[in-house]
1. With every protein chain left in place and a probe of 1.4 Å, what is the accessible surface of HIS173, to the nearest 10 Å²?
2. Starting from the Kirkwood radius over alpha-carbon pairs of the stretch 60-116, derive D by Stokes-Einstein at 20 °C in a medium of 1.002 mPa s and give it in µm² s⁻¹.
3. Take the residue pairs LYS39/LYS130; LYS39/LYS196; LYS48/LYS76; LYS39/LYS100; LYS130/LYS171 and return only those whose Cα atoms are more than 19 Å apart.
4. For the stretch 44-89, compute Rh as the Kirkwood radius over C-alpha pairs and then the Stokes-Einstein diffusion coefficient at 20 °C and 1.002 mPa s; write the answer in µm²/s, rounded to an integer.
5. Report the full-extension gain for the segment ALA186 to LEU113: residue separation times 0.36 nm, less the Cα-Cα distance, to one decimal in nm.
6. For the stretch 169-210, go through all pairs of different Cα atoms, get the mean of 1/r, take its inverse, and jot down that Kirkwood value in Å.
7. I'd like to know which of THR153, MET94, THR83 lies farthest towards the positive end of the charge dipole of the stretch 56-185, counting +1 on Cβ of Lys and Arg and -1 on Cβ of Asp and Glu.
8. Aspartates and glutamates near LYS73 by alpha-carbon distance under 17 Å, same-chain residues fewer than 8 away left out - which ones?
Amino acid sequence: GPASPVPASLSDRERTAFSSPSDRNTTALKMATDLVQVKRALISVSDKTNLLVLAEALKNANVQVLSTGGTAKALKEAGLPVTDVSDYTGFPEMMDGRVKTLHPKVHGGLLALRGNADHEKACTDHGIDKIDMLVVNLYPFQATVAKGADFDTCIENIDIGGPAMIRGAAKNHPFVTVLTNVDQYAKVIEELNTNKGSTTLKTRRTLAAA
């Protein structure tokens, strides 16, 4: 079914900040370049519509894909290259999938300021690879409740790792492309093809505010 909407991840005030940054001369924006090449992407989606189309485009752009659970399984079954997040972090998915992406090697990869000496050193010291694209749509909590699922099932459809990653990627949008809806895939694929595997700052900013 369709993914749960993302608005809960960002407040209206945060959306306004992303949409109107002209008077916010932030360190990250000053350090950012317009085109950022996507070398590594993390994909973890409940709605797998057009997942393989996006993954094929990333493969053609020589992007390394990290993934989790059912998303990784779908990519592997389609013969597409993918690295399990658990292999990257060195920690298995645990507690019935409640803990998968809540790890410094994931959030450090999303939040690291490119070109910042302290951040670059932390990445080197702790084996953190930078993650340039995040593709996440949330567990379908509202749909699960609406169809009358039992209490325990509803509880398990409260997404923790997804919103945390979305907020981290959106915060670091000068360097990270964040996709939260399948409707965004075509535009990003087109941009990757046009810019030899890179996305523009305008697109990253727009996606962060979506």
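The values are calculated or read from the model by the stated rules, or taken from the named source; none is laboratory data. The model shown is predicted, which means the values in this text are computed figures rather than measured ones. Glycine also receives a Cβ, built like all others from the backbone with ideal geometry; neighbour counts cover every protein chain displayed. With ligands, DNA and RNA removed, areas are computed over all heavy atoms of the protein, side chains included. Shrake-Rupley method; radii C 1.70, N 1.55, O 1.52, S 1.80 Å.
1. We get 10 Å² for HIS173.
2. 171
3. Pairs exceeding 19 Å: LYS39/LYS100.
4. Roughly 203 µm²/s, to the nearest whole number.
5. Between ALA186 and LEU113, full extension yields 23.6 nm more.
6. Details: mean 1/r = 0.0985 Å⁻¹.
About 10.2 Å, per the Kirkwood formula over Cα pairs.
7. The listed residue farthest towards the positive side: THR83.
8. Here the aspartates and glutamates satisfying the reach criterion relative to LYS73 are ASP47, GLU56, ASP84, ASP87, GLU93, ASP96.
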